[in-house]
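Since every read-out is calculated from the coordinates, none of them should be taken as a lab result. Bear in mind that the values here come from a model prediction, so they are computed numbers and not experimental data. Here the Cβ positions follow ideal geometry from the backbone for every residue, glycine too, while neighbour counts run over all protein chains shown.
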Amino acid sequence: MSGCGWPGHRFHAEVSITVDASLSVEQGHAIAKEVQHELLHHFRYLSEATIHVDPMTASGQEYHHIEEHAHGDCRGIHMRSRPDFDPCPAGSNADTIVPPGTAGR
C-alpha cells in the first residue's frame, strides 16, 4: 500500500499495482477497479481507495520521481518517456503544456 490517511473516522488508501505491460489500458483499469472493490469490501473503515496502475516495465518510485519542479517554470518538467515533448513551445506561457504536434492549433 502506497499511503493511508485517517480523515475523521474513515480511511483513504492509495495503492500502486503492477500489471503485465501487454495489457490494454481498459484491461489495466478493470484490474484496478477489482482491486478497489476488494479493498472496500474487506476493510470496513475504508471509505476510498485510489489505485494507480503501472506496467511491469515501468513500476516503482523511480519511474514517478520528478528531478526538479517549480510552479510557473515549465522547464522543470521532465518526461523521460517522451523525449519529443517540449513543455514550453514557442509562444506558450509557462502555465501551458502543449503536447507534441498540437502547437498552433
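Between residue 43 and residue 14, residue separation times 0.36 nm minus the direct Cα-Cα distance comes to 9.1 nm. Positive contributions from Lys and Arg (+1) and negative ones from Asp and Glu (-1), summed over other residues with Cβ under 13 Å from the Cβ of residue 46, come out at -1.
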